[in-house]
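Bear in mind these aren't lab numbers, they're just calculated from the coordinates by the rules spelled out. Being a predicted model, the structure only gives us computed values, none of them experimental. Note that we place each Cβ from the backbone using ideal geometry, even for glycine, and neighbour counts take in every protein chain shown.
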Amino acid sequence: MSCEMKLKERIGTINPIFTCQPAGAQYASIGLKDCIGLVHGGQGCVMFVRLLISQHLKESFEIASSSVHEDGAVFGALNRVEEGVDVLLMRYPHVKIIPIITTCSTEVIGDDVDGVVTKLNNGLLKEKYPGREVHLIPVHTPSFVGSMVSGYDVAVRDFVKYFSQKNKPSLKINLITGWVNPGDCKELKHILSEMDIEANVLFEIENFDSPLAPTKDVVSHGDTTIQDLIETADAQGTIALNRYEGGAAAKYLEKRWDVPAIIGPTPIGIRNTDTFLANLKAMTGKPIPASLVKERGIAIDAITDLAHMFLADKKVAIYGNPDLVIGLAEFCLDLGMKPKLLLIGDENPGYADDPRLKALQENVTHEMEIITNADLWELEDRIKNKGQEFDLILGHSKGRFVSIDYQIPLVRVGFPTYDRAGHYRHPVVGYNGAIWLAEAMANALFTDMEYKKSREWILNVW
C-alpha cells in the first residue's frame, strides 16, 4: 500500500477547483471593519467573485472595481484607481481602509499601484480629505500565478504588515482564522471565551450571518478593526490555524516583531482540536476548562454512535483548499474511513515539505493519491475511466455534477457552497464542527441508501 503525491499530468484545466488570487484578497478584505476593497481590473474581476461570495454567505456586502476597459489595458489605467478612491471616499464617509487589489490585466500592463498610492496620499487625501483617516494598501495578486488560497495569504500578510506596530506588551493573542465561515468564527470565539483568552481574531466574519432588521437595510461587514491589526505586534503570540491561509502573516509578525508563532494544525476533528487547545494553553497559561472537556466528550460520543457501524472503511474523495483537505483527510482516517483521493487545486512548492502530507505518505495503510494543481476532471476520470469506486465525496458545490452523474453522495464543505441552505452557519472546526461533519457524512450515506433503494445496504447493518 502506498500514498503518492504528484502534480496533475495534463497541461490544461477542466472544471477548476479554485479561482484566482484576487478572489482570496477580496475574501480577506471583507473581514475588516470600515473597509471596502478596490479591485484594479476589469468589472468581471469583482462581479463574478462577489457573486460567488454572496451566493456562499447569502449576504450583501460592499466591494468596488476600477472597471478597466480596452484603453486602460493598452495605455495604463492608474487614473481609474485615482477616480475610484475619490468616489469611494465621497460615497462612504465611514470607510477608512481601501486595499487596492491588482489583477492579471493590471499587473501585465505594469500599472504602478504603489506609486499611485504615494501620489494619492500626498495629493488627493491632503487636499480633499484633510484630517480624515484613510489607509490605501496595495495588494499585489496577479491572477496568472497562485490561486485564491495564496491571494488570501498575501492579503492577510499585507494588512498585518501595514498596520502592526509596537506599543506596549499585551496579554492578547493573535488568532488568524484562515478562510472560514461565520459558524467557524463563532465556534472559535466560543472556545476562546470558555478559556478566558483575549484575542485579536483576524479576519473574522461572524457578522456575515446578519439579521434582517426592521429599521434599515443591513450591509454585512467583518469585525476586525484597525486597532486589532495595530495590536498584533504587541500580542504574546500568534496562532494561525492554517498553513496556507494566514501562515505568511504569522511568520512576518514573528520575524519583524518577535511575536512567537504557532502555525496549525487546522482544528478539524478531535485530535486537531485537542492540539489547538493545547497550543492555546501553552501560549497563554490558561487551563482547559471542564466545559470544553464536556464538549469533547459529547463529540466523541456522537462520533462513536456512527464511526464503526456506518463510516468505517468508506472510500472518500476530498477536494478544496489545502488546509481544509488535509484536515478532513486526517479526520476521516481517525473515523476509520479511507480517503483515497485528495485534490488540491494549485501548485505550491511548500506542499513537498508539509509535515502533514509527509505523515500521510508515511503512515497511510491503503492506496491514496494526493494530486496538486488538480481539477475536478481528476476525480471524474478516475470514476469514469479508471474504475475507482468512492462511497463519499467531500468538497464544495462545484463537484455536484460529478456527484449527480455517478450517483456518489457529496457532503458540501468549503468555498463556494451555494446549493445547500445554511452551511455557512455550521462550524467545521472545533468539537462542535467534528459532530457536524460526522453526522453530515452519515446522513449523506443514509440518504444515498434510500435513494438507491438498497436494503442489505453498504452501511453494515440490517
Surrounding net charge for LEU120, when Lys and Arg each add one and Asp and Glu each subtract one, Cβ distance under 15 Å: -2
Helix 290-304 vs. the chain, principal-axis angle (Cα, 0 to 90°, nearest 10): 50 degrees
Principal-axis tilt of helix 270-284 within the chain, Cα atoms, nearest 10 degrees: 40 degrees
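If one computes P(r) from the Cα atoms of the stretch 395-437, what percent of pairs lie at distances over 16 Å?
Details: 356 of 903 pairs.
Here the tail beyond 16 Å accounts for 39 percent of pairs.
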Degrees, to the nearest 10: 44-57 long Cα axis against longest axis of the chain: 50 degrees
Over the stretch 269-421, volume per residue of the alpha carbon convex hull, in Å³: 144 Å³
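A 29 angstrom limit on the alpha carbon distance is what I want to check against. Which of LYS168/LYS189; LYS58/LYS189; LYS166/LYS281; LYS58/LYS386; LYS8/LYS58 exceed it?
Details: LYS168/LYS189 24 Å; LYS58/LYS189 22 Å; LYS166/LYS281 24 Å; LYS58/LYS386 38 Å; LYS8/LYS58 33 Å.
Violating the 29 Å Cα-Cα cut-off are LYS58/LYS386; LYS8/LYS58.
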For PHE415, distant residues with modelled amide H under 5 Å away: ASN321
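Starting with the fewest neighbours, write out LYS255, LYS58, LYS398 ranked by other beta-carbon atoms found within 10 Å of each beta-carbon. Could the numbers behind the result be given before it?
Details: LYS255 10, LYS58 16, LYS398 24.
In order of increasing Cβ crowding within 10 Å: LYS255, LYS58, LYS398.
What is the magnitude of the charge dipole of the stretch 5-104 about its Cα centre, with +1 placed on the Cβ of each Lys and Arg, -1 on the Cβ of each Asp and Glu, and no other charges, expressed in debye to the nearest 20? All intermediate terms of the calculation are to be shown ahead of the outcome.
On the way: 9 positive and 9 negative charges, 104 e Å.
Rounded to the nearest 20 debye, it is 500 debye.
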³J(HN,Hα) computed for each position of the stretch 340-350 - Karplus, 6.51 cos²θ - 1.76 cosθ + 1.60, integer Hz, glycine/proline x: 9, 9, 10, 10, 10, x, 9, 10, 9, x, x
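When ranked by the protection proxy of mean other Cβ atoms within 10 Å per residue, highest first, what sequence do the peptides 330-338, 381-389 form? Could the numbers behind the result be given before it?
On the way: 330-338: 20.7, 381-389: 12.4.
Put in order of decreasing packing, that is 330-338, 381-389.
VAL428: net charge of surrounding residues, Cβ under 14 Å, Lys/Arg +1, Asp/Glu -1, itself excluded? Provide the component values of the computation, followed by the final result.
Details: positive: LYS186, ARG412, ARG420, ARG425; negative: ASP184, GLU187, GLU245, ASP323, GLU330, GLU439.
Taking every Cβ under 14 Å from that of VAL428, the sum is -2.
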√(5λ) per eigenvalue of the Cα gyration tensor, the chain, largest first, Å: 38, 26, 20
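How would you order 47-53, 306-312 from highest to lowest mean count of nearby Cβ atoms within 10 Å? Could you put the intermediate results ahead of the total?
Working: 47-53: 18.0, 306-312: 16.4.
Going from most to least packed, we get 47-53, 306-312.
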Amide H contacts of SER60 (H built 1.01 Å from N, under 5 Å, at least 5 apart or other chain): SER220
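When the dipole is taken about the Cα centre of the stretch 173-295, and only Lys, Arg (+1) and Asp, Glu (-1) are charged at their Cβ, what size is it in debye, to the nearest 20? Numbers along the way, then the final one.
Working: 11 positive and 18 negative charges, 78 e Å.
Charge dipole of the stretch 173-295: 380 debye, to the nearest 20.
When Lys and Arg each count +1 and Asp and Glu each count -1, what net charge do the other residues less than 10 Å away from ASN321, Cβ to Cβ, add up to? All intermediate terms of the calculation are to be shown ahead of the outcome.
Values: positive: none; negative: GLU245, ASP323, ASP346.
After counting each charged neighbour, the total is -3.
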Descending principal axes extents, the stretch 1-140, alpha-carbon based, whole Å: 67, 36, 25
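Determine one quarter of the surface area of the Cα convex hull of the stretch 173-295, which equals its mean projected area, and express it in nm² to one decimal. Walk me through the numbers before you get to the answer.
Values: hull surface 33.7 nm².
For the Cα atoms of the stretch 173-295, the hull's average projected area reads 8.4 nm².
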Under 5 Å, built H, 5+ apart or other chain: amide partners of GLY237: ASN174
